[in-house]
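K.L.:
Please read through the structure below; I'll follow up with questions.
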Amino acid sequence: MKFAHALKLKVLAAAVIAASLSVGDAHAQRGKDRDKQEEAYPDATRESPEAKNTPRLAKDIQKMFDLYNEGEDMEGAIAMAEKLLANERAKAYDRGVALMIAGNAALGVDDYPRAIPYLERALEENALPNNNHFATMHTLASVYAQEDMTEKSIAMIDRLIAETKSKDPEVYALKAGVHYNAGQYEQTIDAVRKAIELNDGNSENNWQQMLMASYNELGREGDAVALAEQLQAKNPDDKRTLLNLASLYAQTDNSEKAAALLDTARQKGMLTEQRDYENLYAIYLNMDGKEAEAAEVIQEGLEKGILPADARTYTFLAQSLYFSDQIEGAVNAYKKAAPLDSTGDTSLALSQILTNEDRNEEAKAAARQALDKGLKRPGEAWMVIARSEYYMDNFAAARQAYAEAAKDPATRDQAQKALAQISR
């Protein structure tokens, strides 16, 4: 069973990449200011190199940073970085910051393939301070994920964790997303659980979705439902959490629980979209004896303008009313649906109800409306006309209509038997 909400890792990766675009000016963080800079990776095994540039290149480095931080000329920032890289005086730190800026500037213009070699080389120089070095590692893992380079992304994240002893839940959330997109659901579960643990037990919505989806992919629907129930109990007024739980109930054959949950949400005014109402009335229609409840939901959705007043909605309303023995309401709903339906099927259904109710003139009119719209199986409409004429003692007209019905392979045998009976 597949989870209802498919995840898009690229959204997660893009968020990490966007955050990386605020990279700080490593060159500017020197002296006392640099000493005061907060260490983002206090448990890193790597000793942070000193951010020391070549004095003769300081002007070009600052210009490169200015172009990047102003955000209006990323190509200019890349050009300055290339100028620095080509300078024989450039030392490892100079090359490292140039590559870091060039990579992030390429991301700034959404050129991910171009960014990758810059960021890889920035790490290879191994000269950036820890904050920039490991942030670049995080960004590169995200870019790999964005470009569907799954193995490289996971390897980079694992390296980041190993070298920093990271306690950042977002790192594990990224790891979970990459594993999920690769169909590695056990690893996804482990990574999400670690992210939640590091986030003081709190879970972001996309983490929850990955976890529940992974449970479902592994056939662990019970675990998925238990998690969804826990989250919904914790946030009873969160619509997304409620809808996730209702979807899981429906998928695991707990229609009564799904309907009860959604109907409670409806009464609270939480159902505000067309699909919310459609999901609820569809669940009711798939349950025995709940057609009246389905009709109530549809009528409310129409009154609130949430459900469209189209042929489809009115047809479901008519069916709900008919099967809950509200015949007149069903007839009225079909009469609203029929003019909106180009196929004639709705007019045919209306005619069949009317003839069963001995409303023969109305039944004939509805059947002819269906024929006028070009039914794929016209014999059914002719059968309605024939029966209506017969019940009105118009036997010649009935025989003529049965003869028309006999031309349709779908109703031929039935029509011929009726003709034989009334011709005796």
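K.L.:
Relative to the Cα centre, what is the charge dipole magnitude of the stretch 122-264, using +1 at the beta carbon of each Lys and Arg, -1 at the beta carbon of each Asp and Glu, and rounding to the nearest 20 debye?
P.N.:
Using Cβ point charges on Lys, Arg, Asp and Glu, the stretch 122-264 gives about 200 debye.
K.L.:
Let me check I've understood the local charge: for Pro308, count other residues with C-beta under 15 angstrom from its C-beta, Lys and Arg +1, Asp and Glu -1. What total comes out?
P.N.:
-3
K.L.:
Would you work out if the stretch 301-366 is rounded, prolate or oblate? Take a ≥ b ≥ c from the square roots of the eigenvalues of the alpha-carbon gyration tensor; rounded if a/c is under 1.5, else prolate when a/b is larger than b/c, oblate otherwise. Let's see the in-between values first.
P.N.:
Values: a/c = 2.61, a/b = 1.48, b/c = 1.77.
The shape class here is oblate.
K.L.:
Using Cα-Cα distances under 8 Å and only pairs 6 or more residues apart, what relative contact order does the stretch 103-258 have, in percent?
P.N.:
Values: 156 pairs, mean separation 17.6, N = 156.
Relative contact order for the stretch 103-258 comes out at 11 percent.
K.L.:
Cβ under 9 Å from Leu340's Cβ, Leu340 left aside: what net charge do those residues give with Lys, Arg +1 and Asp, Glu -1? The partial results should precede the final answer.
P.N.:
On the way: positive: Arg312, Lys336; negative: Asp310, Asp341.
Its environment carries a net charge of 0.
K.L.:
A further question follows. Compute the convex hull volume of the Cα atoms of the stretch 207-348, divide it by the residue count, and report the result per residue in Å³ as a whole number. Provide the component values of the computation, followed by the final result.
P.N.:
Values: hull volume 17.1 nm³, N = 142.
With only Cα atoms used, the stretch 207-348 gives 121 Å³ per residue.
K.L.:
Given Cα pairs under 8 Å that are at least 6 residues apart, what percent is the relative contact order of the stretch 321-424?
P.N.:
Values: 143 pairs, mean separation 19.1, N = 104.
For the stretch 321-424, the relative contact order is 18 percent.
K.L.:
Let me check I've understood the local charge: for Glu88, count other residues with C-beta under 15 angstrom from its C-beta, Lys and Arg +1, Asp and Glu -1. What total comes out? Don't jump to the answer; show the numbers that get you there.
P.N.:
Numbers: positive: Arg56, Lys83, Arg89, Lys91, Arg95; negative: Asp60, Glu82, Asp94.
Local net charge: +2.
K.L.:
Follow-up question, since we're still on this one. Among Ile101, Gly305, Gln400, whose Cα sits farthest toward the positive end of the charge dipole of the chain (+1 at Cβ of Lys/Arg, -1 at Cβ of Asp/Glu, about the Cα centre)?
P.N.:
About the Cα centre, the residue reaching furthest to the positive side is Gln400.
K.L.:
Now for a separate question. Using modelled amide H (1.01 Å from N, peptide plane; none on Pro or chain starts), what sits under 5 Å from the amide H of Ala127, excluding residues fewer than 5 places away?
P.N.:
none
K.L.:
Report the label-to-label distance for Lys167 and Glu50 in nanometres (one decimal), using points 7 Å from each Cα along the Cα→Cβ vector.
P.N.:
With each label placed 7 Å out from Cα toward Cβ, I get 3.0 nm.
K.L.:
A further question follows. Could you go through the stretch 373-385 in sequence order and give the Karplus-derived ³J(HN,Hα) for each residue, using 6.51 cos²θ - 1.76 cosθ + 1.60 with θ = phi - 60°, rounded to whole Hz, and x for Gly and Pro?
P.N.:
After applying 6.51 cos²θ - 1.76 cosθ + 1.60, I find 8, x, 5, 5, 10, x, x, 5, 5, 5, 5, 5, 4 Hz.
K.L.:
Note down the nm distance, to one decimal, between modelled labels 7 Å out along Cα→Cβ at Asp110 and at Asn126.
P.N.:
My value for the distance between the label points is 3.7 nm.
K.L.:
Please report the equivalent ellipsoid semi-axes of the stretch 272-386, computed as sqrt(5 x eigenvalue) of the Cα gyration tensor, largest first, in whole Å.
P.N.:
Working: eigenvalues 137, 45, 24 Å².
Output for the stretch 272-386: semi-axes of 26, 15, 11 Å.
K.L.:
Taking only C-alpha pairs under 8 Å that are 6+ residues apart, what is the relative contact order of the chain in percent? It would help to have the intermediate numbers written out before the result.
P.N.:
Values: 597 pairs, mean separation 37.6, N = 424.
In percent, rounded to a whole number, it is 9.
K.L.:
So what's the angle, to the nearest 10 degrees on a 0 to 90 scale, between helix 221-234 and the longest Cα principal axis of the chain?
P.N.:
Between the helix axis and the principal axis of the chain, the angle is about 80 degrees.
K.L.:
Treating only the Cβ atoms of Lys and Arg (+1) and Asp and Glu (-1) as charged, compute the dipole magnitude of the stretch 128-209 about its Cα centre; round to the nearest 20 debye. All intermediate terms of the calculation are to be shown ahead of the outcome.
P.N.:
Details: 7 positive and 12 negative charges, 34 e Å.
Rounded to the nearest 20 debye, it is 160 debye.
K.L.:
Something else: Quick check on the stretch 67-153: take the gyration tensor over C-alpha atoms, sort the square-rooted eigenvalues as a ≥ b ≥ c, and tell me if it's rounded (a/c under 1.5), prolate or oblate.
P.N.:
Details: a/c = 1.91, a/b = 1.25, b/c = 1.52.
Cα axes put the stretch 67-153 in the oblate bin.
K.L.:
How much of Asp276 can a 1.4 Å solvent probe reach, expressed as accessible area in Å² and rounded to 10?
P.N.:
Rounded to the nearest 10, the figure is 0 Å².
K.L.:
Same structure, new question: On a 1.4 Å probe surface of the protein chains, which of Leu419, Leu348 comes out largest in accessible area, and what is the full order? Numbers along the way, then the final one.
P.N.:
Working: Leu419 40, Leu348 15 Å².
Solvent-accessible surface, decreasing: Leu419, Leu348.
K.L.:
Using θ = phi - 60° and the Karplus curve 6.51 cos²θ - 1.76 cosθ + 1.60, what whole-Hz ³J(HN,Hα) does each residue of the stretch 312-327 get, with Gly and Pro shown as x?
P.N.:
Residue by residue, the stretch 312-327 yields 4, 5, 5, 5, 4, 5, 4, 5, 4, 5, 4, 7, 10, 6, 9, 5 Hz.
K.L.:
Using a cut-off of 15 Å between alpha-carbon atoms, which aspartates and glutamates can reach Lys59, once sequence neighbours fewer than 8 places away in the same chain are excluded?
P.N.:
Cross-link targets: Asp25, Glu82, Asp94.
K.L.:
Let me ask something else. Any chance you could give the angle, 0 to 90 degrees and rounded to 10, that helix 412-422 forms with the longest Cα principal axis of the chain?
P.N.:
For helix 412-422, the angle is close to 20 degrees.
K.L.:
Could you name the lysines in cross-link range of Lys417, using Cα to Cα under 18 Å and dropping any fewer than eight places away on the same chain?
P.N.:
Lys407
K.L.:
Next up: Using the structure shown, list the pairs from Lys52/Lys194; Lys63/Lys152; Lys175/Lys234; Lys239/Lys304; Lys83/Lys167 with a Cα-Cα distance above 30 Å, or answer none. Walk me through the numbers before you get to the answer.
P.N.:
Working: Lys52/Lys194 37 Å; Lys63/Lys152 33 Å; Lys175/Lys234 26 Å; Lys239/Lys304 19 Å; Lys83/Lys167 38 Å.
Check vs 30 Å cut-off fails for Lys52/Lys194; Lys63/Lys152; Lys83/Lys167.
K.L.:
Let me ask something else about it. Pick out, from Ala155, Asn131, Pro113, the residue whose Cα sits farthest towards the positive end of the charge dipole of the stretch 82-198, with +1 on the Cβ of Lys and Arg and -1 on the Cβ of Asp and Glu.
P.N.:
Of the candidates, Asn131 comes out farthest on the positive side.
K.L.:
Now for a different question. Toward the positive end of the charge dipole of the chain, about the Cα centre and with charges on Cβ (Lys, Arg +1; Asp, Glu -1), which of Thr343, Tyr249, Met80 goes farthest?
P.N.:
Result: Thr343.
K.L.:
If you don't mind, there's one more thing I want to ask. Charges at C-beta only: +1 for Lys and Arg, -1 for Asp and Glu. How large is the resulting dipole of the chain about its Cα centre, in Debye rounded to 20?
P.N.:
Details: 50 positive and 68 negative charges, 140 e Å.
The dipole magnitude comes to about 680 debye.
The values are calculated or read from the model by the stated rules, or taken from the named source; none is laboratory data. Source: prediction; values computed, not measured. Don't worry about glycine lacking a Cβ; one is built from the backbone with ideal geometry, like all the others, and counts go over all protein chains shown. These accessible areas exclude ligands, DNA and RNA; they are computed on the full protein's heavy atoms, side chains included. Shrake-Rupley method; radii C 1.70, N 1.55, O 1.52, S 1.80 Å.
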